[in-house]
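Chemist: There's a structure below that I have some questions on.
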Amino acid sequence: MPNDTNKLWGGRFAAGPAAIMRRINASIDFDKRLYAEDIAGSKAHCAMLVAQGIVSPEDGTAIAQGLDRIKDEIDSGAFVFSEANEDIHLNIEARLAELIGPAAGRLHTARSRNDQVALDFRLWVRDAIDRCGDGLRELHAALIDQAEANADTVMPGFTHLQIAQPVTFGHHLLAYVEMLGRDRGRFADCRRRLNESPLGSAALAGTAFPIDRHMTAAALGFDRPTANSLDAVSDRDFAIEFLAAASLTGVHLSRLAEEIVVWASDPFSFIRLSDAFTTGSSIMPQKRNPDAAELVRAKTGRLNGSLLALLTVMKGLPLAYQKDMQEDKLPVFEAADALQLCLAAATGMVRDMQPNRDRMREVAARGFSTATDLADWLVRELNVPFRRAHHITGEIVRRAETKGCMLADLPLADLQAVEPAITEGIFAVLDADSSAASRTSFGGTAPSRVREAVAAARQRFLA
Ligand code: ARG
């Protein structure tokens, strides 16, 4: 019978969907991380309500004291979170009511969870930006110190991962210093735009109570209140910008990590990683695996994934608040955690790594890496046009290849067989050290330039 069937289903729905609804609706499992921000926001709001004569000083004091106590309870782990209370905002409000009674109900005057969560999340992301900024600074310092110590450590520079021209290890590390400098700039930009207070936008339209949004904005360290209440409760640009900056930083870290993996590999042996950042193999006793670098490289996936997740959540949402936006937090928490860990690991690896200078120099001289220097010498000393010099050099390289020797080891007679005007003086430019030392153009790899660049980087990034 259709009716019986309905009853059957109806009975099931009464229990089932209610429980499922609670699970899908609740965010307390993850948004409990916003508790300190939520309490700070509530205290600022409460103080403003008292100052504006909207709440009595007695109730205001009771609310503030109750909130302090809740903060202590959560800090110490004594607080019992409940899924029935959905999210961090309702969990704290419910506990406040238990602690101070009906006065708790006055805290939510002229406020909605919509501006409350927008505020909490902004405060959290602002702190995350600062923490990532600190981590970036540490890594910056480690790279700059290593660059200084290796201003004249000659290594092969690569293009296509083929030996191209000798460079200095210090110069190579300073390339990452530039990337991270741009990353820090992006986080700073994001922070500047983020730093407006949504509190007092209420549900979406503002409020009829005579609130002072400038007061709460100042109390919470914001530059000003947001200008449009609809935008304020529905904007998550600050989180997306944070994730975008984190993703690009992750991309940079993954490139550094990849190089560390390559450099530490046995065939390269350019650097030795410390025991602290390597692991052994359970079967091959000789192995020193660069796991930390590999994981830094891999966590880029999480960062990029988080960015895409939030962009996708926000795409096509009408104004103003939609529950979809509750899904904004996990990607941001995950990305912030991952990035901080990656920055710390990268800093440790960079500080600890020991370059093998002899090995780097030896490889720098391979692959006819000074062929460009040879061609440049022909242009400079013999006034040969560069294209012709390139051709002559090609022939010389072929001879060296046939003899199985490096350019610097070719007898003068062989060089003169290709170009009779070549003199002994050419040998001064054919070794890797001279090659690197000669590249003194601004931003170039010469040790003298690297030392200048290190000093400039200290000023730009660490002062
Ligand atoms: N837990 C919610 C979130 O994170 C808080 C805001 C709820 N607002 C609402 N109108 N239901 O988005």
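The values are calculated or read from the model by the stated rules, or taken from the named source; none is laboratory data. Everything quoted here is computed from the prediction, not taken from an experiment. Ideal geometry is used to build each Cβ from the backbone, glycine not excepted, and the neighbour counts take in all protein chains shown.
Chemist: If we scan the stretch 314-324, do we find a residue that is away from the ligand (no atom under 16 Å from the Cβ) and surrounded by fewer than 22 Cβ atoms within 10 Å (Cβ to Cβ)?
Modeler: yes
Chemist: In the stretch 1-107, which helices (runs of 4 or more DSSP H) lie fully inside it and hold 1 or more residues that are under 21 Å from L199 (Cα atoms) and modelled with pLDDT of 95 or more?
Modeler: Of the helices (runs of 4 or more DSSP H) lying wholly inside the stretch 1-107, those with at least 1 residues that are under 21 Å from L199 (Cα atoms) and modelled with pLDDT of 95 or more span 28-31, 35-51, 57-76, 88-100.
Chemist: What number of residues within the stretch 24-55 are within 14 Å of the ligand (Cβ to nearest atom) and over 20 Å from R69 (Cα atoms)?
Modeler: Final tally of qualifying residues: 6.
Chemist: Follow-up. So in the stretch 448-463, with the set limited to residues that are part of a helix (DSSP H, G or I) and of a type in the set (A, V, I, L, M, F, W, C), which one is farthest from H172 (Cα to Cα)?
Modeler: By that ranking, first place goes to L462.
Chemist: What pairs can you find where one residue is in the stretch 78-90 and away from the ligand (no atom under 11 Å from the Cβ), the other is hydrophobic (A, V, I, L, M, F, W, C), and their Cβ atoms are less than 8 Å apart, with a gap of 6+ or different chains?
Modeler: Partner pairs satisfying both residue conditions: F79/I70; F81/I28; S82/I28; S82/A94; E83/A26; E83/I28.
Chemist: Tally the residues that are more than 16 Å from the ligand (Cβ to nearest atom) and within 18 Å of the chain's Cα centre (by Cα), restricting the search to the stretch 101-141.
Modeler: 16
Chemist: Check the stretch 362-373 and report whether any residue there is over 17 Å from the mean Cα position of the chain (by Cα), over 30 Å from R184 (Cα atoms), within 15 Å of the ligand (Cβ to nearest atom) and hydroxyl-bearing (S, T, Y).
Modeler: The answer is no, given that none of the residues of the stretch 362-373 is over 17 Å from the mean Cα position of the chain (by Cα), over 30 Å from R184 (Cα atoms), within 15 Å of the ligand (Cβ to nearest atom) and hydroxyl-bearing (S, T, Y).
Chemist: Would you confirm whether or not the stretch 295-305 contains a residue that is in contact (Cβ under 8 Å) with a residue 24 or more places away in the chain, more than 11 Å from the chain's Cα centre (by Cα), within 16 Å of the ligand (Cβ to nearest atom) and surrounded by 15 or more Cβ atoms within 10 Å (Cβ to Cβ)?
Modeler: no
Chemist: (1) within 22 Å of D376 (Cα to Cα); (2) at pLDDT 95 or above; (3) surrounded by 18 or more Cβ atoms within 10 Å (Cβ to Cβ); (4) not acidic (D, E): which one isn't true of G443, the others all being true?
Modeler: (3)
Chemist: Looking only at residues that are of a type outside the set (A, V, I, L, M, F, W, C) and touching a strand residue (DSSP E or B) at 6+ places or on another chain (Cβ under 8 Å) in the stretch 418-435, which one is surrounded by the most Cβ atoms within 10 Å (Cβ to Cβ)?
Modeler: Checked the stretch 418-435; the qualifying residue surrounded by the most Cβ atoms within 10 Å (Cβ to Cβ) is S435.
Chemist: For the stretch 167-263, please list each of the helices (runs of 4 or more DSSP H) lying entirely inside it that holds at least 3 residues being within 16 Å of the ligand (Cβ to nearest atom).
Modeler: In the stretch 167-263, the matching helices (runs of 4 or more DSSP H) lie at 229-234.
Chemist: Being in contact with a Leu (Cβ under 8 Å, 6 or more places away or on another chain), at negative phi and of a type in the set (K, R) narrows it down to one residue among K299, K287; which is it?
Modeler: K299
Chemist: Here is a further query. Within the stretch 215-242, how many residues are of a type outside the set (K, R), surrounded by fewer than 17 Cβ atoms within 10 Å (Cβ to Cβ) and over 22 Å from V332 (Cα atoms)?
Modeler: 5
Chemist: Let me ask something additional. Identify all residues within the stretch 386-417 that are surrounded by 12 or more Cβ atoms within 10 Å (Cβ to Cβ) and not in a helix (DSSP H, G or I); write none if there are none.
Modeler: C405, M406, L410
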